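The values are calculated or read from the model by the stated rules, or taken from the named source; none is laboratory data. It should be emphasised that the depicted structure is a prediction, and the values quoted were computed from it without experimental measurement. Because the Cβ atoms are built from the backbone with ideal geometry, glycine has one as well, and the counts that use them run over all protein chains shown.
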Amino acid sequence: MNKRRELQKQNNHYEKQLPEETQKILTDIVVYLKSFPISEYQVELVRLDITRMLLEGAARGASASEVLGEDYKEFCKGIVAELPPRTPLQTIAYHADILFLGLAILMPLWMVTGLIHCAQTGGGLLHVPVSSGTISATLIILVVSYAIVQYICRTSLEYESEQARRKSRFRFILILFFAVLICMAPAILFRNTVLNVHIAVYIAGFVICFCVHKLLAAYTD
């Protein structure tokens, strides 16, 4: 188990000792911290410090806002300003990790759908057809997924009234619905086969993407 996971396990144990409402605030803070260019290990270090502060405050009967201040965003920005940002190499590795993880998730899906198409059309099951729509959909899904995650992280500390929250949820669901349509449209509309990939190559590609993701994830930790 690496240092980040050990620290995460320790933080999970401490967090359970906090009042339920404070746990929710801490979760939102951790999500917000992930929108900054710092490593996952640094996020867990900050989480540990904040959790200890909140535990000490809870022992005195103080709320999260009394311990951290009313503006959690400014509190987080103040902490992050004291941390070293990712180096250019770490930034490249971080985004490459997201790319290879996305490919490792999507490749089995495209392989299965390709084999189903072959079975329906009477084609062989050793070669998986790759269409221009599949390639386009993969690129769009990766970009849209990244944008959605960034949006969730950056807005995690934006507290609203119940009515405003309902509107935000509806807007987010609507955006997500259209995002799914945009992602899947190329795969449905553009079915012309660009190349046929042997199933062994497909599986090897998946294994390579997954292994590269694990290596990059360990490096960026």
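Please count how many residues of the range 1-45 are buried (at least 19 other Cβ atoms within 10 Å of the Cβ), under 18 Å from Tyr94 (Cβ atoms) and either modelled with pLDDT of 90 or more or aliphatic (A, V, I, L, M) (or both).
The number of residues fulfilling the criteria is 8.
Sort out which residues of the range 4-32 are closer than 14 Å to Asp49 by Cα and of a type in the set (D, E, K, R), and write them in order of number.
Of everything in the range 4-32, just one residue is closer than 14 Å to Asp49 by Cα and of a type in the set (D, E, K, R), namely Glu15.
Take Leu83 and tell me if it is more than 19 Å from the chain's Cα centre (by Cα), surrounded by 17 or more Cβ atoms within 10 Å (Cβ to Cβ) and in a loop (DSSP other than H, G, I, E, B). Please lay out each step first, then the result.
Working: more than 19 Å from the chain's Cα centre (by Cα): yes; surrounded by 17 or more Cβ atoms within 10 Å (Cβ to Cβ): no; in a loop (DSSP other than H, G, I, E, B): yes.
Here the answer is no, as Leu83 does not meet what is asked.
Which ones in the range 53-72 are touching a helix residue (DSSP H, G or I) at 6+ places or on another chain (Cβ under 7 Å) and part of a helix (DSSP H, G or I)?
Filtering the range 53-72 down to residues touching a helix residue (DSSP H, G or I) at 6+ places or on another chain (Cβ under 7 Å) leaves 53-55, 57-58, 64, 66-69, 72.
Once the filter is applied, which keeps residues that are touching a helix residue (DSSP H, G or I) at 6+ places or on another chain (Cβ under 7 Å) and part of a helix (DSSP H, G or I), the range 53-72 yields Met53, Leu54, Leu55, Gly57, Ala58, Ala64, Glu66, Val67, Leu68, Tyr72.
Among the residues of the range 198-221, count how many are under 18 Å from Val128 (Cβ atoms) and among the aliphatic types (A, V, I, L, M). Give the derivation first.
Step one: list which residues in the range 198-221 are under 18 Å from Val128 (Cβ atoms), which gives 198-210.
Those still in the list that are among the aliphatic types (A, V, I, L, M) too: 199-201, 203-204, 207-208.
Final tally of qualifying residues: 7.
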